[in-house]
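S.K.: I am attaching a structure below and will ask some questions about it afterwards.
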Amino acid sequence: MTTTLRSLMGACALTALALPATAETLTIATVNNGDMVRMQKMTKPFTDANPDIKLEWVTLEENVLRQRVTTDIATKGGQYDIVTVGNYEVPIWARQGWLLALDDMGPDYDADDILPPIRDGLSLDGKLYAAPFYGESAMIMYRKDLMEKAGLTMPERPTWDFVQDAARKMTDKESGVYGICLRGKAGWGENMAFLTSMGHSYGAPWFDMNWRPQFDGPAWKKALTDYVTIMTEAGPPGASSNGFNENLALFQTGKCGMWIDATVAASFVSNPKESQVADKVGYALAPQGEKPQMWLWAWTLAVPASTDAPDAARKFVAWATSKAYTEQVAAAEGWANVPPGTRTSLYENPEYLKAAPFAKPTLDSIMSADLKNPTTVPVPYIGTQWVGIPEFQALGTAVGQQFSAALAGQETVEQALKMAQQISEREMAKAGYPK
C-alpha cells in the first residue's frame, strides 16, 4: 500500500470519528386539531434533551389522517413512526399485531394516573397500546346571553326537546346567529360520531344482537328526522360541510347559540385570545333522550410495529403525554388550555379546577360513558359514538354520506335511512356477519 493511500485512508477514518452520530428521524402523523398543533410548537424541551432525535410532522384533516394512517399500518408501509389514532382503532389494531405495547414508559410516567375509562379503552390483555394525548366526552357549549334573552335556563342535563326548543328561540338569522351548530361533514369520525351517539340516546342502535342493521326502525327515523329538522330550522347554512373545526370557528365568532360536540373544545371557546364570546359561554351535559347521549374518545399517540425507531418513538410518546408536558403547557398558555381528559391528577389540581369551569362536566361525562351499554337495548358491539368492529370505518363513512346528503336536502330522511340499511346489510353480509 502506498504512503499516499495510507494517508487518505487515515484521514477518512479520522473524519468519520469526528462526525456526530446521524440523528434518528421520527415521522409523526397527527390531526390538525388545536391541541396537536400546539404540541408541535412546544417540542423544544424534548429536542434539546434528545439532540439525536429529529421530529418530522405530517399534519392532516381528520378524515384524511384516518385514511392514510389506516392504509399505511394495515400494509406495514412503515411511513410513520408515531401515529395519532383514537380508542376505536387501538384495541382492533393491537389485536392484529400492528401496534407496539407501551409497557416501559419510564419511572416517572405513572400510567396508573390515566383515567380508568380512557386507559381501559387503550389496552388489550392488560397492556397499554397507545398513550392518550387528550381525552373527551361530549357536552353542550352555549351562549348564556342568548339563552337568557330567549327566557330560558339551561338544565344541568337538558332533554333533546329542550335543546330543539331553545335552538329555535335563540336563532336570529337576520343577525347571522344560529341556534345550534352540529356536525354535518360526512365521515365515520365526523357526522357519524355525533349521529351515532345521538341515535344511541334515542334508543337507536346500529345492530341488533344478531348483527342485523337497524336503520329501518322507528328510533332511527325519529333521531335523523329531529337532526335534519332542527338543523334546517336553526342551523347555519352549508352545515353538511361542517365538521369539528368549522363549527368551532362558527361558535368562536358568535354565530352559534349552542354547539354539542367534544368536551375538548371548551378550552378553545373560553379562550379570550381565540374566542369573541369567551366571557359568555356556559356548559351543560350532553342531551338526554331515552338515554343520556354518551361519547368517549381519546386522541392518542401510538407506535406502529413497522417503525424502525421503536425506542425513540416510545421516548417521544412518553414525553408528549406526561404530567411534565401538561405543566409546560400550563406555564406557557395557562391551566385552562392544557390537554384535558386523560389523568386523574389533573382533576385533583386546584389550579386547573379554578381555571377551567368546564372541568367538572368534562370529568362527569367521561366517567359516566359506558362503552358496553351505549343505548337502551342490548347490542353485540362496544362503542358510544362509534362501533367497535373493523368494518365501521368504511361503513360509517358510507352511511355518513347518506345522512349528510339528507341534511343538504339532496334526499329525504326516508331515502337516506333506506340506503343506510341497504349499504349496511350488504357490507355486513360481505364481511361474514354474524360471526
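S.K.: Can you give me the accessible area per residue for the range 248-345, using a 1.4 Å probe, in Å²?
M.R.: Accessible surface, normalised per residue, equals 31 Å².
S.K.: So which trypsin sites (Lys or Arg not before Pro) in the range 26-102 pass both tests, a DSSP loop state and at most 15 other Cβ atoms within 10 Å of the Cβ?
M.R.: LYS76
S.K.: Next question. Report the Cα centroid-to-centroid distance between the range 53-87 and the range 179-214 in angstrom, as an integer.
M.R.: Computed from Cα coordinates, the inter-centre distance equals 25 Å.
S.K.: In the range 154-235, which GluC sites (Glu not before Pro) are in a loop and have at most 13 other Cβ atoms within 10 Å, using DSSP for the loop call?
M.R.: Counting only loop positions with at most 13 other Cβ atoms within 10 Å, the GluC sites (Glu not before Pro) in the range 154-235 are GLU156.
S.K.: Pull up all non-local amide H partners of CYS256: gap of 5 or more, or a different chain, and H-to-H distance under 5 Å with H placed in the peptide plane.
M.R.: TYR178
S.K.: I need the phi-derived Karplus couplings for the range 205-215: 6.51 cos²θ - 1.76 cosθ + 1.60, θ = phi - 60°, integer Hz, Gly and Pro marked x.
M.R.: Karplus-based 3J(HN,Hα) across the range 205-215 equals x, 6, 9, 8, 5, 9, 6, 8, x, 10, 6 Hz.
S.K.: How large a share of the accessible area of the range 223-347, in percent, is made up of carbon and sulfur atoms when the probe is 1.4 Å and the other protein chains stay in place?
M.R.: Roughly 50 percent, rounded to a whole number.
S.K.: When only DSSP loop residues count, what trypsin sites (Lys or Arg not before Pro) in the range 300-406 have their Cβ near at most 14 other Cβ atoms within 10 Å?
M.R.: Filter output for the range 300-406: LYS372.
S.K.: Let me ask another. Given axes a ≥ b ≥ c from the Cα gyration tensor, I'd like to know whether the range 251-394 is rounded (a/c under 1.5), prolate (a/b larger than b/c) or oblate.
M.R.: Because a/c hits 1.5 or more and a/b fails to exceed b/c, the range 251-394 counts as oblate.
S.K.: Return a whole-number percent for the relative contact order of the chain, with Cα pairs under 8 Å and 6 or more residues apart as the contact set.
M.R.: For the chain, the relative contact order is 24 percent.
S.K.: Run lengths n ≥ 4 of DSSP H only: what is the helix-derived mean residue ellipticity at 222 nm for the chain, with -39500 (n - 2.57) per run over all residues, to the nearest 500?
M.R.: Here the helix-only value at 222 nm equals -12500 deg cm²/dmol.
S.K.: Let me ask another. Please report the net charge: other residues with Cβ closer than 15 Å to the Cβ of GLU414, K and R +1, D and E -1.
M.R.: Net of charged neighbours comes to 0.
S.K.: Would the range 223-311 count as rounded, prolate or oblate if I go by the C-alpha gyration tensor, calling it rounded below 1.5 in a/c and otherwise prolate when a/b exceeds b/c, oblate otherwise?
M.R.: Prolate is the answer for the range 223-311, as a/c is 1.5 or above and a/b outweighs b/c.
S.K.: Further question: Under 1.5 on a/c is rounded, so check that first for the range 61-151, then, if it is not, pick prolate when a/b is larger than b/c and oblate when it is not; a ≥ b ≥ c are the square roots of the alpha carbon gyration tensor eigenvalues.
M.R.: Oblate shape, in that a/c is at least 1.5 and b/c is the bigger or equal ratio.
S.K.: Now for a separate question. From the phi angles alone, apply the Karplus equation (6.51, -1.76, 1.60; θ = phi - 60°) to the range 105-122 and give each ³J(HN,Hα) in whole Hz, x where the residue is Gly or Pro.
M.R.: Per residue, the Karplus-derived 3J(HN,Hα) values read 9, x, x, 9, 6, 6, 5, 5, 7, 5, 3, x, x, 6, 4, 4, x, 10 Hz.
S.K.: What does DSSP give for the chain in terms of the percent of beta bridges that are antiparallel, rounded to the nearest 5?
M.R.: Percentage antiparallel, nearest 5: 65.
The values are calculated or read from the model by the stated rules, or taken from the named source; none is laboratory data. Because the structure is a prediction, the values reported are computed rather than measured. Because the Cβ atoms are built from the backbone with ideal geometry, glycine has one as well, and the counts that use them run over all protein chains shown. These accessible areas exclude ligands, DNA and RNA; they are computed on the full protein's heavy atoms, side chains included. Shrake-Rupley method; radii C 1.70, N 1.55, O 1.52, S 1.80 Å.
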